[in-house]
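Before any comments, here is the structure.
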Amino acid sequence: MRLSILLVFLLPIALRAQPLTPVVVTPLAKSLAETSELVRIGSGWWTLLDSNNPHVVYQIDPATGAVIHAVSVINATNMDWEAMTTDAQWLYIGDVGNNSGARTDLRVYRVALASMEDPDITSVLADTIRFSYALQTDFTPANNSNDWDCEAMVAMDDSLFLFSKNWVSGTCYLYALPATPGEQVAVRQDTLASQGMITGANVDAATGDIALVGYTNSFYMPFIWRLSGYPGHAFFQGDAQRNDLSIGITQMEGIAWNGPDELYMTNEQNILNIAQLWRLELGTTAGITDAAFAQPAFTPLSVCPNPARDHIRLNGLSGVGRWELLDMQGRILLDGSTNTAEQAIDVSALSPCGYLLRVTDALGVRTVRVMKD
């Protein structure tokens with residue numbers, strides 16, 4: 001386990017490639033609206049829910065999104081479960097969410113992996129890894145305005161590696177934490193110029209590649225990182241490639257490998273989207289496929305002019321549907337129907353600021369940001 005601190009804010013080998021388009025596999029059960037992570041255990045897919053939800057992990061049917069098995073961690077508390085990972089022996093559940101940056105009770109629960117694969121087991125006991133961040137000295141609450149939050153981790157060798165969700169800097173810190181029950185300290189190792197907040201992580205056991213998922217600090221535009229060819233545990237020091245996900249505003253939370261060339265992802269429900277399971281096929285080369293080789297789930301929706309003064313025009317519509325213009329609190333301000341490939345909308349009465357335009361038509365639900373001058 002490395003203990004040195006490397007401050008690397010700009011990686012010369014980091015690449016930002018063309019956007020990729022995942023496809024929806026299935027909506028998730030309504031009880032999984034607050035899904036926060038995704039892991040594969042054997043042939044099963046598992047998720048958990050975040051703060052103030054039951055201290056339970058759920059196996060889902062990837063074909064239907066239904067819950068097919070649930071296991072309660074009876075000696076655990078779900079303050080803010082946000083991360084989950086495995087090694088050969090253990091399932092690790094990260095009670096690491098820290099939106100205020102003020103938590104002094106961060107912990108990871110460790111459960112025997114074999115118990116998760118037994119369909120007759122519905123409750124388990126967990127070991128507890130309690131930890132703090134070595135560099136944190138200020139615990140003044142700063143809700144959604146701090147760099148001490150975390151929602152992603154992977155297990156490797158004798159350690160857990162945490163990927164921070166930095167609300168302020170738009171970067172991601174890598175922390176190393178001993179995977180041993182008791183009182184531990186998470187030590188910062190490195191920094192990635194992630195260009196957004198990391199919310200999920202998973203390592204491919206076959207290749208060692210690490211996939212990160214997250215969304216931008218403003219307007220929740222999702223993206224992924226693929227980290228490969230790194231030395232030891234220096235995950236940010238190999239090949240790092242970032243791809244935007246061309247699905248509009250989506251609170252993507254979980255990610256897991258389904259073999260070396262495919263990722264599954266989950267998004268949390270919000271005012272724009274229900275919780276869903278997604279699939280993203282990747283290329284067989286070292287990098288991720290260019291968008292030209294991806295099978296698009298949606299035709300891109302475009303708005304012009306943007307920023308707008310009096311009117312906007314929607315392009316890329318398909319068939320009969322509806323459009324809604326929402327403010328950033330999710331309130332519908334304007335709406336109407338669509339029946340052609342283009343649609344003109346009068347926005348002259350709106351105040352200058354940012355809005356969300358949601359379209360529902362034959363291509364599904366798509367959302368774009370609109371700026372009003």
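The values are calculated or read from the model by the stated rules, or taken from the named source; none is laboratory data. The model shown is predicted, which means the values in this text are computed figures rather than measured ones. Note that each Cβ is placed from the backbone with ideal geometry, even for glycine, and that neighbours are counted across all protein chains shown.
Values as computed for the structure displayed
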read-out	value
Wholly within region 1-92, strands (runs of 3 or more DSSP E) carrying at least 1 residues that are at pLDDT 95 or above and of a type in the set (Val, Ile, Thr)	23-27, 35-41, 44-49, 56-60, 67-73, 83-86
Any hit, region 177-185, residues being in contact with a Pro (Cβ under 9 Å, 6 or more places away or on another chain) and in a loop (DSSP other than H, G, I, E, B)	no
Within region 119-145, considering residues that are part of a loop (DSSP other than H, G, I, E, B) and touching a Ser or Thr at 6+ places or on another chain (Cβ under 7 Å), the one surrounded by the most Cβ atoms within 10 Å (Cβ to Cβ)	142
Subset of region 177-209 [closer than 30 Å to residue 369 by Cα and either among the hydroxyl-bearing types (Ser, Thr, Tyr) or in contact with a helix residue (DSSP H, G or I) (Cβ under 8 Å, 6 or more places away or on another chain) (or both)]	191, 192, 194, 199
Tally of residues being over 17 Å from residue 242 (Cα atoms) and touching a residue at least 24 places away in the same chain (Cβ under 8 Å) across region 206-225	3
